[in-house]
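Asker: Input: one structure, supplied below.
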Amino acid sequence: MIAQILRQQVDGYFLVYCESDNEIRSVAGYRFGENLAYGKFMYVDDLVTRSDDRSKGFGKLLFDWLVAQARAHGCAVFSLDSGVQRFDAHRFYLVNRMNIDSHHFALRLS
């Protein structure tokens, strides 16, 4: 996994975390991009909170930091994808004023 993170970082992937009591509680991986649909955007590839630390504010702290970074970098949109089975995550995103803008389709090539 470390080799993959290093490869992604070459293409502009950032990895950040929220730490408390010398333990990592939440982790996020993100990148900046630009396209015709959104203009400049931040895309969050990964946003994970340890299961024992959910509903303790760590995910919210990291989420708010990411949104602030997107604004600071002049992004028009902050976006992420979430697996259809992740109901608790969906509640979190909706509570944090995110909209469901589209369906994401994927074709596995391997």
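The numbers here are math on the coordinates, done by the rules we state, and not lab data. Remember, it's a predicted structure, so these values are computed and weren't measured experimentally. Here the Cβ is made from the backbone with ideal geometry for all residues, glycine too, and neighbour counts use every protein chain on show.
Asker: Grab the Cα-Cα distance for R31 and D45, subtract it from 0.36 nm times how many residues apart they are, and report the gain in nm with one decimal.
Answerer: Values: separation 14, 0.36 × 14 = 5.04 nm, distance 0.76 nm.
Extra length available between R31 and D45 comes to 4.3 nm.
Asker: If you don't mind, there's one more thing I want to ask. How far apart, in nanometres, would the label points at S55 and V10 be if each is projected 7 angstrom from Cα along the Cα-to-Cβ direction?
Answerer: Distance between the two pseudo-spin positions: 4.3 nm.
Asker: Any number yet on Rg/Rh for the range 1-77, C-alpha, Kirkwood?
Answerer: Working: Rg = 13.5 Å, Rh = 13.4 Å.
Value, to two decimals: 1.01.
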